[in-house]
Structures are given as C-alpha cells and as structure tokens.
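For reference, the structure discussed in these notes is given below.
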Amino acid sequence: MSLHDETTGVVNTPPEMLFDHLDDPHRLSAHMSRSSAMTLGSRMNIELDAAAGRAVGSKIRLAGLVLGIRLLLEEVVTEHVPPKRKVWQTIGTPRLLVLSHYTMGYEIAPEGAASRLRVFIDYDLPARGMFRWLGRLLGRLYARWCTRRMVKDAVAHFNRRSSENAA
C-alpha cells in the first residue's frame, strides 16, 4: 500500500479488556454504521461470518449507499493476537469513494493500569476515474478520520465506563 495513517491514544482499561472490546467489528467500526458528515449522512451495514471477525480468516462485509452510489467491501482478518494485535485487509475489488485496497489494524501495549492503542491504515487510492480524483482530494482526510475515530471511540467508551463505576 502506498499511503499510511495512524493514531495513538491512551485508553483507561487493561489491554485484555480493550482487545475484547475492539475485537467486535460492530464496536470498532461503529463510526461507519452511524450517520455523520464524513459519511455524507449515510451509514454502512456490517455483516459477519460465523467467526464474527474474531479469528484469522474470518470475513467482514460492509455495504451501504452514499449519494446514490452503492459501496461494498469485504475484509479478511489476517492477524489475531489477543491482547496485542489485530490486522485485516480488503479482499476482492472494493467499491469505495475515496480509498481502494487497504490493510488496517490496531496494536495494544500496557501503559501502567491503562493501555496504549495504535490504530493504523495502509491504503491505496482508487485507480481511475472520478473516484481517483475524489481519493486525491479526500483520501488522506478520510483515513485520518477513521483512525482517530476508532481511538476516540475507545477512549470515550472506557472513560464513560469508569465514570459509571465511580458513581
């Protein structure tokens, strides 16, 4: 992959709990299944195979409609090393607006009683046409939004959980 982005943050939970939380594609990709400005008010539906995205070889499918354009992609989990690392990549020919094939993942390391989370993406832009132009214009912004959103969502989830436990 020719392009890269990553975001790192500290999450107020032990690595095992963080990995278990992020290992669920519905939680990790929540930013894609909610309507937002970055998804142009649309959202993607997530479908999982029998392994639910929690094992090497497991497949995840995302589908949706953005501005009347049908988006579709399939991913396969390529690394699954609890509670340290998970990696997945697109397979087939993804139909996306600003990115093409990508490899994405996260790494977790203990940091005191908390965890350091690094979410990364290595990606290519669409090869041709209008999508190539859109990718050049918005691909980096979108990749950065994804990695940041995943880290921020994890931080917020465990901060909220800590607040509830303290009350």
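The values are calculated or read from the model by the stated rules, or taken from the named source; none is laboratory data. It should be emphasised that the depicted structure is a prediction, and the values quoted were computed from it without experimental measurement. Every residue, glycine as well, gets a Cβ built from its backbone with ideal geometry; the counts of neighbours run over all protein chains shown.
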Can you pull out every residue in segment 4-26 that is in contact (Cβ under 8 Å) with a residue 60 or more places away in the chain and under 16 Å from the mean Cα position of the chain (by Cα)? His4, Asp5, Glu6, Thr7, Thr8, Gly9, Leu18, Phe19, Asp20, His21, Leu22, Asp23
Test result for Leu141, of a type in the set (A, V, I, L, M, F, W, C), farther than 18 Å from Asp20 by Cα and loosely packed, with under 13 Cβ neighbours inside 10 Å: yes
One residue from Leu96, Leu73, Leu134 being surrounded by fewer than 19 Cβ atoms within 10 Å (Cβ to Cβ) and over 18 Å from Leu22 (Cβ atoms): Leu134
Quick check on segment 1-30: of everything there that is within 16 Å of Arg149 (Cβ to Cβ) and in a loop (DSSP other than H, G, I, E, B), which residue is modelled with the highest pLDDT? Asp24
Kindly check whether there is at least one residue in segment 132-140 that is within 30 Å of Ala51 (Cα to Cα) and not acidic (Asp, Glu). no
In segment 88-118, anything closer than 20 Å to Ser29 by Cβ, hydrophobic (A, V, I, L, M, F, W, C) and out of contact with any Lys or Arg (no Cβ under 8 Å at 6 or more places or on another chain) is listed as Trp88, Leu96, Leu97, Val98, Leu99, Met104, Leu117
I'd like the residue in segment 99-131 that is of a type in the set (A, V, I, L, M, F, W, C) and over 16 Å from the mean Cα position of the chain (by Cα) and, out of all such residues, is surrounded by the most Cβ atoms within 10 Å (Cβ to Cβ). Leu125
Do we find a residue being over 30 Å from Pro14 (Cα atoms), modelled with pLDDT under 95 and of a type in the set (Val, Ile, Thr) anywhere in segment 70-92? no
For segment 70-157, please list each of the strands (runs of 3 or more DSSP E) lying entirely inside it that holds at least 2 residues being without any contact (Cβ under 8 Å) to a residue 60 or more places away in the chain. 85-95, 102-111
Here the residues within segment 47-60 that are in a strand (DSSP E or B) and surrounded by 15 or more Cβ atoms within 10 Å (Cβ to Cβ) are Leu48, Lys59, Ile60
Go over the candidates Ser58, Ser33, Ser42 one by one and state the one that is of a type outside the set (A, V, I, L, M, F, W, C), modelled with pLDDT of 90 or more and farther than 21 Å from Ala109 by Cα. Ser58
